1. Based only on other Cβ atoms within 10 Å, what is the fewest-to-most ordering of 207, 303, 15?
2. How would 290, 652, 692, 31 line up from fewest to most surrounding beta-carbon atoms within 10 angstrom?
3. Classify the chain as rounded, prolate or oblate, taking a ≥ b ≥ c as the square roots of the eigenvalues of its Cα gyration tensor: rounded when a/c is under 1.5, otherwise prolate if a/b is larger than b/c and oblate if not.
4. Using the beta-carbon distance between residue 588 and residue 729 and R0 = 45 Å, what value does 1/(1 + (r/R0)^6) give for FRET efficiency, to the nearest 0.05?
5. Could you work out the helix-only [θ] at 222 nm for the chain, with each DSSP H run of four or more residues adding -39,500 (n - 2.57) and the total divided by the number of residues, to the nearest 500 deg cm²/dmol?
6. What list do you get for 86, 114, 742 if you sort them by fewest beta carbons within 10 Å?
7. How would you classify region 244-345 from its alpha-carbon gyration tensor, with a ≥ b ≥ c the square roots of the eigenvalues: rounded for a/c under 1.5, else prolate if a/b is greater than b/c, otherwise oblate?
8. Can you order the peptides 630-641, 346-357, 173-184 by their average number of other Cβ atoms within 10 Å per residue, highest first?
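Each value in this text was obtained by applying a stated rule to the coordinates, not by laboratory testing. Everything quoted here is computed from the prediction, not taken from an experiment. For neighbour counting, all protein chains shown are included, and Cβ atoms are generated from backbone atoms with ideal geometry for every residue, glycine included.
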Amino acid sequence: MAKIAEKYLKVDPWLVVEEGFHPDRSRVSESIFSLANELMGVRGYFDEGYSGDRLVGSYVNGIFDEKEIIHAAYFLGMAKRFCFMINTVDWLYTRIFIDGEQLDLNTSEFSDFIRTLDMKKGIMTREFVWTTNTEKKLRLIFTRMLSMNNANMGFQKVEFIPLNFDGSVEIESGVDFNTIHELENKNFFNEVKRTDDGQYAILCKTLNSHQQLFSSFQIDADAKLQPISREKFVGVKFSLPLKSGETNSFVKTVVNYADREKDTDSDLVWKTATKLADKLFKISFADEYSKHIKFWTNSWDRLDITVEGDDENQQGVRFCIFNLVQTYHGNDPTLNVGAKGLTGEYYYGWTWWDTETYCLPFYMFSNPQAAKSLLEYRYNTMPQAIERAKEMQCDGTCYPMGTIDGTESCGTWQHGNLEIHVTAAIPYGIWHYNRICKDKDFLYNKGFEMLLQASRYFASRGAWGSQTGKYGYFGVMGPDEFHMMVNNNCYTNFMAKKCFDFTLEVFDEIKTADFKKFNEVISRLNITDAEISDWKKKSENMYISFDQDSLLFEQHDGYYNLPYLDVKAIPHTQFPVYNNWEYGKIFRTSMTKQPDVLLFLFFYSQQFSKDILRANYDYYEPRCSHESSLSPSIHSILACDLGKVDQALEFSQYASRLDLDDYNRNANQGLHITSMAATWMNFVYGFGGMRSDGELLVFNPVLPQTWKSYSFKITYLGNILQVSVKNNSAFFRVLDGDMIKIKVFNNLYCVDKNGVTVSF
Ligand code: BGC
């Protein structure tokens with residue numbers, strides 16, 4: 001891959017460390033040092049303000065605003081309403097003065113800068129020594145924490161250690177709703193209500209979506225607090241005495257509360273929020289800190305991955321796991337995982353098909369409740385998907401390409417309207433979740449209806465080819481976004497077929513297992529026998545272009561005839577090609593953006609022979625530009641399967657350190673959260689060789705030559721299974737729970753707490 005690592009962070013197994021401030025990489029660091037707790041997220045910006053290049057980004061999951069999409073030319077079916085996660089309250093707002101001089105790392109003199117993300121504890125710290133104009137030296141240590149125990153709570157601790165003087169430091173601290181949403185260059189809040197009379201709180205409302213966000217704080221310091229107020233800001237001023245060599249400090253506890261409904265009565269929101277704040281402010285930082293640490297200890301106990309002999313990959317994979325847990329852990333089924341999580345404005349906080357195809361396995365195998373919540377999000381947004389299908393002049397549910405509230409926000413026609421494979425991701429997710437978590441309650445009460453509606457969509461969107469006489473999808477864009485408006489995209493056809501097949505399977509299953517439920521759903525949706533036969537016929541006659549001789553699947557009609565481009569010869573400076581190539585040029589060669597055929601070969605691995613995989617991998621991999629960050633991990637997984645372990649390792653290094661080393665040169669915009677889930681798969685499904693598409697879990701581990709060992713843990717049917725690989729042998733052991741049946745290199749094993757060793 002023509003990508004280059006930008007290394008400036010220290011490699012450490014549990015920490016991410018920036019030694020010495022790198023102003024030229026300020027925004028990249030802000031992304032990398034982000035903290036989140038599913039509800040809130042903050043970039044690693046400087047609490048005290050900074051006049052250099054920065055994005056003071058603070059986000060609350062599900063808080064968005066909206067605007068009308070102005071199309072140069074509007075055609076029916078194009079999305080009209082654009083929702084985007086907005087920059088919210090800067091609850092870390094702090095300003096620091098000595099003798100009237102303001103601290104600002106862009107202009108102040110400072111030394112010994114070190115910024116640290118402790119992934120084991122979920123804490124970010126930053127410290128440095130500030131030398132004032134009058135040569136006073138003050139060491140400052142900032143600590144921040146977003147509680148994993150109470151998602152509404154955030155903490156900031158600032159410590160001051162004067163090194164050569166006695167005196168005082170003046171501080172302004174508060175919660176500030178004046179933040180600018182950079183992509184729109186606009187602030188999106190109106191103030192509704194405030195108090196600064198002993199309690200400090202403010203309620204603001206978004207301009208158009210009319211959601212409300214409450215923010216309040218409490219300062220724990222040995223000082224007299226003086227309120228300072230201005231529009232959309234509530235804060236205090238205070239002074240702390242300083243004695244040379246001694247530490248003085250303050251702790252700011254913040255409680256944020258979001259009401260995501262439109263126009264809820266503000267008095268009611270205020271009442272609920274202040275009651276919550278009163279309760280939470282009774283909790284000390286120390287108590288919350290210990291619960292927060294406990295959360296992380298429990299999480300790492302369940303899902304740590306260790307790598308011996310590759311420090312960079314070790315740090316990289318932990319960074320990915322850390323961010324996945326931070327972004328989502330299933331507390332709230334109305335929330336989801338944005339492509340950039342809560343770390344930046346790009347990708348608008350939208351949920352994509354990434355959730356079911358790339359993220360779900362991570363959650364299914366570490367936190368099944370979170371996996372269920374993600375699927376429930378799709379269940380809860382079915383009404384919007386039904387409306388969207390109608391707009392597209394189809395039946396059933398058409399799920400959006402990019403969304404926050406379930407409606408389609410993607411106004412780029414070729415993506416929002418043509419990437420119909422997005423709807424196939426939902427049945428795939430339900431199928432996979434059912435297979436692994438065996439949650440019949442979800443399947444019967446929610447999944448079944450979702451499957452029926454998705455099949456309805458696929459039965460109404462396709463057509464019969466006039467030459468082939470086969471059913472397929474015309475005028476689509478597959479996962480490979482470098483080919484627009486193609487016919488019979490193989491991935492789309494294949495996944496739609498799988499949707500029909502699984503729907504029909506579940507249809508039969510529920511009919512026998514729970515006829516009452518079956519009848520209720522079938523009559524409510526008015527599913528007829530004719531419809532069921534139609535789906536069967538369309539599945540049986542789905543056009544899948546497979547050649548018995550070459551063993552290749554053609555990505556779409558006419559793909560083989562496209563001009564060949566040597567992707568590896570493109571200079572790295574031309575990436576991302578979206579920014580460097582005339583738009584149309586991207587679409588007229590065989591170059592692909594990301595796996596397409598290879599993706600369904602991975603999803604349903606056990607259905608295909610090694611020869612088929614090899615033929616398609618050897619054909620499609622050289623044509624892939626990996627412009628999507630979702631791409632390298634899938635290639636790495638398949639390369640492991642084919643014994644191309646060196647190549648797999650190369651892909652995995654890129655995948656696990658995509659943001660840490662800024663390979664795509666866009667980490668400044670936020671972290672690639674959904675591709676971090678692909679990195680997790682890279683280790684478990686790639687090196688670990690796990691497959692989860694059969695009746696039993698299957699493992700075919702490989703060990704890269706340069707690694708001494710690796711290990712990972714998965715949660716499966718309530719048990720925790722540990723897999724450790726070293727010296728050409730794999731050790732499987734149940735750490736917590738009963739016996740699990742697995743297949744390793746085609747042999748059946750019953751694994752319990754004593755463990756089983758398999759040599760290879
Ligand atoms: C990819 C899509 C993906 C989106 C969000 C795009 O670059 O091509 O497949 O859904 O990013 O991650």
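1. Values: 207 14, 303 21, 15 17.
So the ranking, lowest neighbour count to highest, is 207, 15, 303.
2. Working: 290 12, 652 29, 692 20, 31 26.
Listed from fewest to most nearby Cβ atoms, that is 290, 692, 31, 652.
3. Since a/c reaches 1.5 and a/b is larger than b/c, the shape of the chain is classed as prolate.
4. 0.35
5. -9000 deg cm²/dmol
6. 114, 742, 86
7. On the way: a/c = 2.38, a/b = 1.36, b/c = 1.75.
Here region 244-345 falls in the oblate category.
8. 630-641, 346-357, 173-184
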